[in-house]
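Below: one structure, written as structure tokens.
The values are calculated or read from the model by the stated rules, or taken from the named source; none is laboratory data. Predicted model only: the values in this text are computed from it and were never measured. Glycine gets a Cβ as well: all are built from the backbone with ideal geometry, and neighbour counts include every protein chain shown. Each accessible area value is taken on the protein alone, full model and side chains, heavy atoms only, with ligands, DNA and RNA left out. Shrake-Rupley method; radii C 1.70, N 1.55, O 1.52, S 1.80 Å.
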Amino acid sequence: MTTDSIAFVGFGEAAMAFRGGWGDQAPAGIRAFDIKTLTPATAPAMKDRYAAKGVVGAESIGAALDGATIAFSLVTADQALVAARQAAEVLPKGLVWLDCNSCSPDTKRAAAEAIEGAGGAYVDVAVMAPVHPKKHHVPLLVSGPHAERADSILKSLDMRPTVVGGGIGGASAVKMLRSVMIKGLEALTAECFLAARKAGVEEAVIASLQASDPGIDWTKRGSYNLERMMAHGTRRAAEMAEVVATVEALGLPARMAHATENWQAAIGAMGLEGGEDDLGARADRVLGQI
């Protein structure tokens, strides 16, 4: 494990998964800052989270970064540039800023401008799969002028990076365009199965899909996709807004990405728990909120 001082900016699911994956091999004195500690309603839970994962909770981004040599930025997509610009005001010179957020290449380049302008070393990192169950072994893509250095740092933390070309934005472009398909399939299965359930023909629809593509367990996939949208739809919608920006920056219409953003936001806003792994039960709970 690296002996460098590590900070987390944002301490949600991904940050906790990384820290949990390192276990007892983690460097000592890891600090974390999450804006939820600034809100009285969410501060106690965040402080409990810090304690449970063995990190030192900071009251500001500056306190988290003070003395750090490496920072993992793991906030929501719509806060990634905000976090980078706030960090630029206080970051130690030479700090390696690992921007692991699901953002468009243009957003990553704007964040890089802020970090590099303040004397930091910016790295575009894309997290290419759910962090569970792999935790710190989740595949990562890294790009930009400091990618080789980041590759070495991440490997010293027993992580799984792959360097890709394209400069800053190269890694995020792969992530964003992959999300057109992955997050889009979630939205498609939601629209298909919710409508089929309401029409009373879900068994026939699933049987037809199974016959057409037997390689997918459509009942299991539909249930899983609904749960992902219920639990993470708000965050996924923020990511899809960045996907829209990515596609449109290429001069293409982002029709599917726009629709996916809408479905993710709508189901995420319902605030529903996943509950038991049952497609019909999950569909009924979502339909009850529409």
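Before moving on, here are some points about what is shown:
- Single residue of segment 242-276 satisfying the filter (small (Gly, Ala, Ser), out of contact with any His (no Cβ under 9 Å at 6 or more places or on another chain) and in a helix (DSSP H, G or I)) that is surrounded by the most Cβ atoms within 10 Å (Cβ to Cβ): ALA257
- Looking across segment 157-187, the residues that are surrounded by fewer than 21 Cβ atoms within 10 Å (Cβ to Cβ), out of contact with any helix residue (DSSP H, G or I) (no Cβ under 6 Å at 6 or more places or on another chain) and under 25 Å from ASN262 (Cα atoms) come down to VAL174, LEU177, ARG178, MET181, ILE182, LEU185.
- Of all residues in segment 115-141, those satisfying the criterion of being of a type in the set (Gly, Ala, Ser) and either free of Cβ contacts under 8 Å to residues at least 24 places away in the same chain or open to solvent by 20 Å² or more (accessible area, probe 1.4 Å) (or both) are GLY117, GLY119, ALA129.
- Given (1) out of contact with any helix residue (DSSP H, G or I) (no Cβ under 8 Å at 6 or more places or on another chain); (2) open to solvent by less than 10 Å² (accessible area, probe 1.4 Å); (3) of a type in the set (Lys, Arg), index of the condition LYS108 fails: (1)
- Residues that are part of a loop (DSSP other than H, G, I, E, B) and in contact (Cβ under 8 Å) with a residue 12 or more places away in the chain occur in segment 13-26; there is at least one.
- Residue selected from segment 142-152 under the condition closer than 23 Å to ALA26 by Cβ and touching a strand residue (DSSP E or B) at 6+ places or on another chain (Cβ under 6 Å), by the criterion most open to solvent (accessible area, probe 1.4 Å): HIS146
- Selection count where residues are of a type in the set (Gly, Ala, Ser) and surrounded by 24 or more Cβ atoms within 10 Å (Cβ to Cβ), scope segment 57-67: 1
- Identity of the residue in segment 199-221, closer than 14 Å to LEU185 by Cβ and open to solvent by 60 Å² or more (accessible area, probe 1.4 Å), that ends up nearest to the chain's Cα centre (by Cα): ARG221
- Residues satisfying the stated conditions in segment 188-198, i.e. open to solvent by less than 20 Å² (accessible area, probe 1.4 Å) and without any contact (Cβ under 8 Å) to a residue 40 or more places away in the chain: THR189, ALA196
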